[in-house]
Amino acid sequence: MTDAKAGILRRLRAAAPPAVSSAAAFAVRRFDWDSEERLARFQERLEAVHGQVQRVGADWPLVLHDLLRRRGVTELLCGAGGPVAAALQGAWPMPAAIRLQPYQEPIERWRAKLFDQVQAGFTGCRGAIAETGTLVLWPDIHEPRLLSLVPPIHLVLLDAGAIYSTFAELMDAQGWAQGLPTNALLITGPSKSADIEQTLTYGVHGPKELIVLVLDAGQALDR
């Protein structure tokens, strides 16, 4: 190594910031919020970015049906398995008015219909983050990523008891360190984009409407 290079390295090492301990590097914010405050903060932050929140009880399939009816939706794309799909199908009123379409075909077989005709998609979620108004989804074979990405309206069922103060708290409580999915999805509000003139447009890269049905903790679905 030349003297010039050695001198440069000495100056860089001398100018480097002091090392940070691992404990400080991974410190996370914590909030002493009870369950009602977590829900209130989640709702406030999600609605601030044009998401919609509606608190529901055991009759949530009826509420969902009414929301779709008022928007003129005649078909709802939903998962093909799991407790959320089972509860939805078991209590769905007037299937002739709004038909449930399970997502069970490979995308290659019905790409045109999915992108051109499906009006709304419905999913469950892993939980939510009160600090940022964010939903957390783990797409899988029962609820593929396209189910929440392609339809113009995305409706989500959220257990009130699964709202955590921060993302770090959610990951710790759900044991993410023991195993992660191939795709973890964080959603804060509907899809939006702005052009060079800062004109905000919704639905450019995904749903233009996000509606979250928050299920009372006492009615939470088994998972």
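Between 208, 192, which is modelled with pLDDT of 85 or more and touching a Ser or Thr at 6+ places or on another chain (Cβ under 9 Å)?
So the residue among 208, 192 that is modelled with pLDDT of 85 or more and touching a Ser or Thr at 6+ places or on another chain (Cβ under 9 Å) is 208.
Tell me yes or no: at least one residue of region 122-131 is touching a residue at least 12 places away in the same chain (Cβ under 8 Å), under 28 Å from residue 170 (Cα atoms), more than 18 Å from the chain's Cα centre (by Cα) and buried (at least 21 other Cβ atoms within 10 Å of the Cβ).
Within region 122-131, not a single residue is touching a residue at least 12 places away in the same chain (Cβ under 8 Å), under 28 Å from residue 170 (Cα atoms), more than 18 Å from the chain's Cα centre (by Cα) and buried (at least 21 other Cβ atoms within 10 Å of the Cβ).
Test residue 190 against the criterion of being under 23 Å from residue 65 (Cβ atoms) and not in a strand (DSSP E or B), and give yes or no.
yes
Just to be sure I understand, how many residues within region 161-182 are without any contact (Cβ under 8 Å) to a residue 24 or more places away in the chain and either polar (S, T, N, Q) or in contact with a Lys or Arg (Cβ under 9 Å, 6 or more places away or on another chain) (or both)?
Of the residues in that region, 2 qualify.
Considering only residues that are in a loop (DSSP other than H, G, I, E, B) and modelled with pLDDT of 90 or more, look in region 81-105 and name the one that is surrounded by the most Cβ atoms within 10 Å (Cβ to Cβ).
103
Are any residues in region 1-29 at pLDDT below 65 and in a helix (DSSP H, G or I), and if so, which ones?
22, 23, 24, 25
Any chance region 47-66 includes a residue that's more than 18 Å from residue 91 (Cα to Cα), in a helix (DSSP H, G or I) and in contact (Cβ under 8 Å) with a residue 60 or more places away in the chain?
Yes, region 47-66 contains a residue that is more than 18 Å from residue 91 (Cα to Cα), in a helix (DSSP H, G or I) and in contact (Cβ under 8 Å) with a residue 60 or more places away in the chain.
Go over the candidates 77, 137, 149 one by one and state the one that is touching a Pro at 6+ places or on another chain (Cβ under 7 Å) and either closer than 22 Å to residue 181 by Cβ or modelled with pLDDT under 95 (or both).
77
Which condition from (1) of a type in the set (S, T, N, Q); (2) touching a Pro at 6+ places or on another chain (Cβ under 8 Å); (3) over 16 Å from residue 51 (Cβ atoms) is the one that residue 191 breaks?
For residue 191, the failing item is (3).
The values are calculated or read from the model by the stated rules, or taken from the named source; none is laboratory data. Because the structure is predicted, anything quoted here is derived from the model rather than measured. FYI the Cβ positions are ideal-geometry reconstructions off the backbone, even for glycines, and counts take in every protein chain you see.
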